[in-house]
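Visitor: First, the structure itself, so that you have it in front of you.
The values are calculated or read from the model by the stated rules, or taken from the named source; none is laboratory data. These figures come from a predicted structure and were not determined experimentally. Virtual Cβ from ideal backbone geometry, glycine too; neighbours counted across all protein chains shown. The area values use the complete protein model at the heavy-atom level, side chains included, leaving out ligands, DNA and RNA. Shrake-Rupley method; radii C 1.70, N 1.55, O 1.52, S 1.80 Å.
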Amino acid sequence: MSDQSSKYRIVVDGSFTKFDIGNMKKKIENQKRGDSDIIIDLSGANKFDSLSVAFCSKLESDRSVRLIKSPELESEIADFNQTAGSDKAETPEPDFTEKLVLAFYGLFYHIRDFIILAADIFYFSFVSVISSKGRKKGSVYEQINLIGNNAVPIVFLLSFLIGLILSLQSAAQLRQFGANIFLVDLIVIAMITEMGPMITAVIVAGRSGSAIAAEISTMKITEELDALKVMALNPLKYVVAPKMLAMTLSLPALTIMANLVGIFGGFIIAVLYLDLSPNIFFDRAVDVMSLNFWGQSILKSVLFSWLIVIIGSHYGFRVKGGAEGVGKATTASVVASIFAVIMTDAFLSLIFYFEF
Amino acid sequence: MEKNDKIIRIKNLIASYDGNTVLDGIDLDIKKGEIFVILGSSGGGKTTLLKHIIGLLKPVHGTIEVFGKDILSMEHYEFDTILKKVGVLFQGGALINSMEVWENVAVPLEQHSDLSLDVIKEVVKYKLGLVKLGHAYSLLPSELSGGMKKRVALARAIALDPEILFFDEPSAGLDPITAAELDNLILNLKEKMGITLVVVTHELESIKRIADRIVYLQKGKNIFCGTIEEAKKAGIDEVDRFFGWA
Ligand SMILES: Nc1ncnc2c1ncn2[C@@H]1O[C@H](COP(=O)(O)OP(=O)(O)OP(=O)(O)O)[C@@H](O)[C@H]1O
Ligand SMILES: [Mg+2]
């Protein structure tokens, strides 16, 4: 079989197709470890398929292998390379600085688009408050149902638990100083100014912000948005404005509920664990609750509602590609809106803390 | 008078996607009341041309006039009045997936007419009857076959009795019988309502049945424009091969 001891010969006769590639590779690998030259004799092979031709074409450029080709194979490889190489779009890979510049441009356009979109959404939502023309009939009501009503159970449950846990942890500390009554101050202020707006916004961003991004991006890739445009309908007015209006009403309403429910969670701890009487809790709570805190709460929730709609729409309109693009847009919008909500919350809290 | 019968005029249209030139100096006139068919190889720029005429894309260079007005230099609201007089059928139908069939057809009527909802519903039934889809009235787009989607989209496109109708591949993916019915519908629209139709299609049979005039786009250039008879005589290699005359 082998004429020289350091040469290893693999002979294939008849057909060499995609099913034989695995075997051949194994043989070559084994021999390579054995450090001997490999000769693959395909001069007797006459039946190939496109995969085996591609494999042979690759083998040709492998230094450690000598390929003996039949005339058929020769012409098959030539054919293959011609077709594979024809009308190839030559786009040179950008180098590092080019990539950096591109990334910078990308970011710049991203931010610019976001600001333009935000302005447009505000404009069309405002127009839409004045006249319902160009808006889907009954859509604001429908959206309030989806964004607001349907979120009531989850917001209720989570804000109750947050109020409960927050109070429980604080009560254990306050009790050591005999400062039980201050639990009321703590839970009322924490819920109304921080936890209520934020928890609600995070839940709604997850439920409805994602839904907005998914709906808009799907409408874009299925050309539904184009179809609206050529029917002389503005997608921002027709699709986004109802969501904006519904969100602006729903999120503050949900927040008010979350605040009260969270405080109720605190009430339970105060009465059962700290032995405060319900009357004392109630009187103190009313004392602590100033209009100022409620104002902060509502202001935050309105801002959050806008952030959620605008960010969801932004990622929806930017979608590229098909179903995978929709997934990416949705994920990105949720991450970005939760991030924006918490950043804005921190920023506003600092301002309020030092100003008022 | 001469100018008035040109409902669409395109001059030296150059269009590109991210620097890739797709249309390279197109000149076209489309006459009122004719069926004008856009032909060309796949990727030749037919859809792109259509999207420019309906204002979804902005050209790099050139002018587009619809109803004798330059659409590129006009304000949004002016263009909206033009859009209300045209209907568009997209390559994939582009129905709004969250709405039932009748709601889809009702969208332009609700938005751009002063009819009350019960009258709108009657109009919708009539339009669905025209495309023989009365029975699909309250189905969702996801419950329709590809051909049915196209017909619903057609019903929506003709909802406001447009003066120009744009079609991107109306009969692609339809069986020959349904395709022939659709062609008859198109001819009907032209004869009964005097609609101007701009149709992109690859179907030879369909072209021979409906086309008054054709334009052939090759690599973004207009290599032939005229009637099929003229095309036969012109002796352009690519066109001859397309029609199988070579
Ligand atoms: N959104 C887009 N972004 C970038 N390039 C695009 C886009 N749409 C189309 N193109 C490119 O523009 C060229 C023309 O596309 P177009 O869709 O107009 O072709 P077409 O003639 O309608 O083809 P078909 O008959 O297959 O529908 C193609 O080369 C395509 O790659
Ligand atoms: Mg096309």
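Visitor: Which whole number gives the average count of other chain Cβ atoms within 10 Å of the Cβ atoms across peptide B:48-54?
Guide: Per-residue shielding by partner chains comes out at 1.
Visitor: Using the Cβ atoms and a cut-off under 12 Å, what net charge is assigned to the surroundings of A:Ser301, where Lys and Arg are +1 and Asp and Glu are -1?
Guide: Local charge sum for A:Ser301: -1.
Visitor: On a straight-distance basis, which aspartates and glutamates could pair with A:Lys25 in a cross-link, Cα separation under 13 angstrom, same-chain partners fewer than 8 positions away excluded?
Guide: Qualifying aspartates and glutamates at Cα under 13 Å: A:Asp62.
Visitor: Another question, if that's okay. Of B:Ser142, B:Ser41, B:Ser113, which is the most mobile in a GNM of chain B whose springs link Cα atoms less than 10 angstrom apart?
Guide: Answer for the Gaussian network model of chain B: B:Ser113.
Visitor: For A:Ser70, what charge total do you get from the other residues with a beta carbon under 11 Å from its beta carbon, if Lys and Arg give +1 and Asp and Glu give -1?
Guide: Taking every Cβ under 11 Å from that of A:Ser70, the sum is -3.
Visitor: Could you go through the range A:141-154 in sequence order and give the Karplus-derived ³J(HN,Hα) for each residue, using 6.51 cos²θ - 1.76 cosθ + 1.60 with θ = phi - 60°, rounded to whole Hz, and x for Gly and Pro?
Guide: Listing the rounded values in order: 4, 4, 5, 4, 4, 5, 7, x, 3, 5, 8, 4, x, 5 Hz.
Visitor: Give me the net charge of A:Ala258's neighbourhood, meaning all other residues with Cβ under 13 Å from the Cβ of A:Ala258; Lys, Arg count +1, Asp, Glu -1.
Guide: Taking every other residue near A:Ala258 into account, the sum is 0.
Visitor: Taking only DSSP H segments of four or more residues, each worth -39500 (n - 2.57), what value at 222 nm results for chain A once the sum is divided by all its residues, to the nearest 500 deg cm²/dmol?
Guide: Estimated from H runs of four or more residues: -23000 deg cm²/dmol.
Visitor: I would also like to ask the following. Let me have the relative contact order for the range A:230-352, percent, based on Cα pairs under 8 Å that are six or more residues apart.
Guide: 28
Visitor: Now for a different question. Grab the DSSP H runs of chain B that are 4 residues or longer, score each as -39,500 (n - 2.57), total them, divide by all residues and round the 222 nm result to the nearest 500 deg cm²/dmol.
Guide: Result for chain B, helices only: -11000 deg cm²/dmol.
Visitor: What's the angle, to the nearest 10 degrees (0 to 90), between helix A:323-355's Cα axis and the longest principal axis of chain A?
Guide: 40
Visitor: Work out the mean other chain Cβ neighbour count within 10 Å for the residues of B:80-88 and drop it here as an integer.
Guide: 3
Visitor: Counting Lys and Arg as +1 and Asp and Glu as -1, each charge on the Cβ, what is the dipole of the range A:111-243 about the Cα centre in debye, to the nearest 20?
Guide: Working: 11 positive and 9 negative charges, 59 e Å.
In total the dipole reaches around 280 debye.
Visitor: Can you tell me the dipole magnitude for the protein assembly as shown around its Cα centre, using point charges on the Cβ only (Lys, Arg +1; Asp, Glu -1), in Debye to the nearest 20? The partial results should precede the final answer.
Guide: Details: 61 positive and 69 negative charges, 82 e Å.
So the dipole magnitude of the protein assembly as shown works out to roughly 400 debye.
Visitor: Please compute the per residue accessible area over the protein assembly as shown with all protein chains in place, 1.4 Å probe, rounded to a whole number of Å².
Guide: Ligands and nucleic acids excluded, the result is 50 Å² per residue.
Visitor: Between rounded, prolate and oblate, where does the range A:266-353 land on the alpha carbon gyration tensor, with a ≥ b ≥ c its root eigenvalues, rounded for a/c under 1.5, else prolate if a/b exceeds b/c?
Guide: prolate
Visitor: Calculate the FRET efficiency for B:Glu122 and A:Lys25 from the Cβ-Cβ distance with a Förster distance of 60 Å, rounded to the nearest 0.05. Walk me through the intermediate numbers first.
Guide: Numbers: r = 70 Å, r/R0 = 1.16.
Step by step, r from the Cβ atoms, then E = 0.30.
Visitor: Remind me, relative contact order of chain A in percent, using alpha carbon pairs under 8 angstrom and six or more residues apart?
Guide: Working: 427 pairs, mean separation 70.1, N = 356.
About 20 percent, as a whole number.
Visitor: Going toward the positive end of the dipole of chain A, with +1 on Lys and Arg Cβ and -1 on Asp and Glu Cβ, which of A:Ser50, A:Phe282, A:Ser125 do you reach last?
Guide: Checking the options against the dipole of chain A, the answer is A:Phe282.
Visitor: Another question, if that's okay. When a/c is below 1.5 the answer is rounded, else prolate if a/b is larger than b/c, else oblate, so apply that to the range B:166-215 with a ≥ b ≥ c taken from the square roots of the Cα gyration tensor eigenvalues. Before the final figure, lay out each step's value.
Guide: On the way: a/c = 1.75, a/b = 1.28, b/c = 1.36.
Cα axes put the range B:166-215 in the oblate bin.
Visitor: Please give, to one decimal in nm, the separation of the simple spin-label points placed at B:Thr227 and A:Met343, each 7 Å out from Cα toward the Cβ.
Guide: 6.5
Visitor: Quick check: the distance between the Cα centres of the range B:35-80 and the range B:85-106, to the nearest angstrom?
Guide: 20
Visitor: So between A:Tyr123 and A:Arg175, what do we pick up on full extension, going 0.36 nm a residue minus the alpha carbon distance?
Guide: 13.5 nm
Visitor: Indicate the gyration tensor shape class of the protein assembly as shown (rounded, prolate or oblate), computed on the Cα atoms with a ≥ b ≥ c the square roots of the eigenvalues: a/c under 1.5 is rounded; otherwise a/b larger than b/c is prolate and the rest oblate.
Guide: Note, shape of the protein assembly as shown comes out oblate.
Visitor: Let me ask another. Using the Cα centre as the reference, give the magnitude of the dipole from point charges on the C-beta atoms of the range A:45-156 (Lys, Arg: +1; Asp, Glu: -1; all else neutral), rounded to the nearest 20 debye.
Guide: 780
Visitor: In peptide A:211-220, how many Cβ atoms from other protein chains are near each Cβ within 10 Å, on average?
Guide: Partner-chain Cβ atoms within 10 Å, mean over residues of A:211-220: 1.
Visitor: Another question, if that's okay. Using a cut-off of 19 Å between alpha-carbon atoms, which lysines can reach A:Lys27, once sequence neighbours fewer than 8 places away in the same chain are excluded?
Guide: A:Lys7, A:Lys18, A:Lys58, A:Lys69
Visitor: If R₀ is 45 angstrom, what is the calculated FRET efficiency for the pair B:Phe67 and A:Phe352, using the beta carbon separation as r and rounding to 0.05?
Guide: 0.20
Visitor: Here is the link list: A:Lys220/B:Lys121; A:Lys220/B:Lys149; A:Lys328/B:Lys149. Which ones come out longer than 23 Å on Cα distance? Could the numbers behind the result be given before it?
Guide: Working: A:Lys220/B:Lys121 27 Å; A:Lys220/B:Lys149 18 Å; A:Lys328/B:Lys149 28 Å.
Over 23 Å apart, Cα to Cα: A:Lys220/B:Lys121; A:Lys328/B:Lys149.
Visitor: Taking all pairs of distinct Cα atoms, average 1/r, flip it, and tell me the Kirkwood hydrodynamic radius of the range B:91-246 in Å to one decimal place.
Guide: Hydrodynamic radius (Kirkwood, Cα pairs) of the range B:91-246 is 16.9 Å.
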